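Read-outs throughout are calculated quantities, based only on the coordinates presented, and are distinct from any laboratory measurement. What you see is a predicted model, and the numbers here were worked out from it, not measured in a lab. Glycine also receives a Cβ, built like all others from the backbone with ideal geometry; neighbour counts cover every protein chain displayed.
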Amino acid sequence: MLAKPQQSNLKDAHFKVTGKITDNGVTVELLGDGALVYKPKPQGRFKFQTTVGGETITIEEISLDGTNYGLTPGNPKWVATKSTSGIDPTAFRGASDQKYVGEQNLPQGKAWHATAKDKDGNAFDAYIRESDGYPIKYVETQSGGQNITLTFDRYNAGETITAPPADQIQQG
């Protein structure tokens, strides 16, 4: 069931990001958005903002052609690292403990609901629309109990993902 989006006619999908993460004992709220490109090849991007000590910070990541590009407040350049995983449609390959929970009626349509663990052992819930196999929502529970939710709101809208300009990249 988790492979349905890759097997469908889905080319790209936009999502909104909400959630909480804990870093160095401080829990912060996340808000942002991103996109996954399924075809012709898996790619992804996300951008979220949070407030730390009264200051708004932005974090961005792009996964493209086996390279992850990350931009954080502490660095003026994107850091490029080679990787076999990233924020792209293949992120759930190799999921373990897959379990079909059942059907759910969501505002976007009737969905299959499944639970599993990603490659890093984080539990997640996936909601896949029955009518077309498109993702509706992913909720990842990270160690410590924080949730990050991706809620999909646009499909096949022509999303494109490009690497940052070469003069704004440093190797990680």
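Quick notes on this structure:
- Rg and Dmax of the stretch 4-155, Cα atoms only, in Å: 15.7, 46
- In a DSSP loop and with at most 15 other Cβ atoms within 10 Å, the trypsin sites (Lys or Arg not before Pro) in the stretch 55-93 are Lys77, Arg93.
- Placing dummy labels 7 Å off each Cα toward the beta-carbon, the span from Gln171 to Asn9 is 4.4 nm.
- Environment charge of Gly86, counting only residues whose C-beta is closer than 11 Å and scoring Lys/Arg +1, Asp/Glu -1: -1
- Expressed in Å, the radius of gyration and Dmax of the Cα atoms of the stretch 123-172 are 16.1, 44.
- Burial order of peptide ranges 99-105, 46-52, 146-152 (average beta-carbon count within 10 Å, highest first): 146-152, 46-52, 99-105
- Ordering of 65-73, 14-22 by packing [mean C-beta count within 10 Å, highest first]: 14-22, 65-73
- Across Lys47/Lys82; Lys16/Lys99; Lys16/Lys137; Lys77/Lys119, pairs whose alpha-carbon gap is larger than 18 Å: Lys47/Lys82; Lys16/Lys99; Lys77/Lys119
- Using just its DSSP H runs of length 4 or more, each adding -39500 (n - 2.57), the chain gives a mean residue ellipticity at 222 nm of -500 deg cm²/dmol after division by all residues.
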